[in-house]
Amino acid sequence: MPATIRFYAHGGPEVLRCEELEPGKPASHEVQVRHTAIGVNYVDVYDRTGLYPVNLPSGLGREAAGVITALGRGVRGLRVGERVAYVHSVPGAYSELRNVPAERVVKVPRGISDEEAAALMLKGLTAHFLIRRTYRVARGDTILVHAAAGGVGLILCQWARALGAKVIGVVGSDAKAELAKKHGCRHVLISGRDELVAGVKALTRGAGVPVVYDAVGKDTFMDSLDCLRRLGMMVTFGNASGPPPAISPLELTRRGSLFLTRPTLFNYIASREELTAGARELFAAVRARKVRVVIGQRYPLAQAAEAHRDLEGRRTTGSTVLVP
């Protein structure tokens, strides 16, 4: 019987249970995927803790890669035995076998491993929409990226550098600073040690940056606003330290008519066309070696709780995968 991770109450990593669950045959327009690698993301923590409400009991996980083992009625363009990857708004990827909508699945090209694909579907496509659609990074831009040594951060920083941008990364330790410098960051600031606003202003000759990408949330939000130049864009896309504070729109006026957005991946890949276009550009960047996927940690599927403890304890770098 295939193994899966489920939880019956919101809480810490201890609520995660490894159980046996047979998914049954895929329904119409679904495919069944035998997972070979599963991506771990901070959104999984939000689901587990209840920050993002889910119906209980629930599975966990939004991205995975594997091999198609069965096709539901009406599926076109896919076949049994193909290597695929997916990102899905419904949790449940922490499993050995899963049925998912065929429209959420993309084929994995040669030259990209299953682990890389599993780490790219949510984290890589997030980096894609952040720098290619939310704020289109251009040559000569100087941008600020929080959590620069994390899964999204390392992909985003490398890609931004390949586009000709200068990247200022923010990380939590000297070891993470070295990793960030090797993967796209020209300058790195250490959170809790370096003064963020003063550091950014010094590196930009007092101007500030046109965009801040902030996945940390509460602890960095107001300082991030103060790092922006006039007409700059604040992109808050995560809550690792908790949700950002409520602010008055006048705070944006006072700081130079700033723009503020809170995007989510699933609004950027709502259509099949958007998903496949983003994946095509992302996979091309990886195959062209503009982006290298850094798998920092691997855990057996049954040790998902340990993976969550390390992620929340900020003991991880790059992408984390579970291996069934």
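Residues whose amide H comes within less than 5 Å of that of VAL209, counting only those at least five positions distant or on another chain, are LEU228, ARG229 (H built at 1.01 Å from N in the peptide plane).
Taking the DSSP beta bridges in the chain as the whole, what percent of them are antiparallel, to the nearest 5? Percent antiparallel among DSSP bridges in the chain is about 55.
For segment 57-69, putting each phi into the Karplus relation 6.51 cos²θ - 1.76 cosθ + 1.60 with θ = phi - 60° gives couplings of x, 9, x, 8, x, 10, 9, 6, 10, x, 10, 5, 10 Hz, in residue order, rounded to whole numbers and with x for Gly and Pro.
With neighbour counts taken as other beta-carbon atoms within 10 Å, the residues LYS218, LYS107 rank, fewest first, as LYS218, LYS107.
Rounded to the nearest 20, the Cβ-based charge dipole of the chain about its Cα centre (Lys and Arg +1, Asp and Glu -1) stands at 1260 debye.
With contacts defined as alpha carbon pairs under 8 Å and 6 or more residues apart, what's the relative contact order of the chain in percent? Relative contact order for the chain comes out at 18 percent. The simple spin-label model puts a point 7 Å past each Cα toward its Cβ; for GLU306 and LYS218 those points are separated by 2.9 nm. Exposure proxy shown here: for LYS290, LYS181, the number of other Cβ atoms within 10 Å sets the order, fewest to most, as LYS290, LYS181. Extension gain for LYS25 to VAL54 (0.36 nm times residue separation, less C-alpha to C-alpha distance): 8.1 nm.
Rounded to the nearest whole Hz, the Karplus-based 3J(HN,Hα) values (6.51 cos²θ - 1.76 cosθ + 1.60, θ = phi - 60°) of segment 244-255 follow the sequence x, x, 6, 9, 7, x, 5, 5, 6, 5, 4, 9, with x at glycine and proline.
Pairs of alpha carbons in segment 124-184 separated by more than 19 Å make up 19% of all such pairs. Taking amide hydrogens as placed 1.01 Å from N in the peptide plane, the amide H of ALA64 sits under 5 Å from those of GLY39, TYR86, each at least 5 positions away in sequence or on another chain. Contact order for segment 220-324, expressed relative to its length and based on alpha carbon pairs under 8 Å spaced 6+ residues apart, stands at 21 percent. Note that segment 91-100 has calculated 3J(HN,Hα) couplings of x, x, 6, 6, 7, 7, 9, 8, 9, 9 Hz, one per residue in order, obtained from phi through the Karplus relation 6.51 cos²θ - 1.76 cosθ + 1.60 (θ = phi - 60°); glycine and proline are x. Helical content of the chain, expressed as a calculated mean residue ellipticity at 222 nm, amounts to -7500 deg cm²/dmol (DSSP H runs of 4 or more residues, -39,500 (n - 2.57) each, divided by residue number, nearest 500). Both the radius of gyration and Dmax for segment 99-247 are 15.7, 53 Å, in that order, over alpha-carbon atoms. Amide H contacts under 5 Å for ASP141: LYS166, restricted to partners 5 or more places along the chain or on a different chain, H placed in the peptide plane at 1.01 Å from N.
Taking label positions 7 Å along the Cα-Cβ direction at both ARG298 and ASN267, the computed distance is 3.7 nm, reported to one decimal.
If R0 is taken as 22 Å, the Cβ-Cβ distance between SER248 and ALA138 corresponds to a FRET efficiency of 0.10. Taking each of LYS166/LYS201; LYS181/LYS218; LYS166/LYS290 in turn, the alpha-carbon distance tops 19 angstrom for LYS181/LYS218.
Where a number appears in this text, it was derived from the coordinates with a stated rule and is not lab data. Given the structure is predicted, the values throughout are model-derived calculations rather than measurements. Quick reminder, even Gly has a Cβ in these numbers, built from the backbone with ideal geometry, and neighbours come from all protein chains shown.
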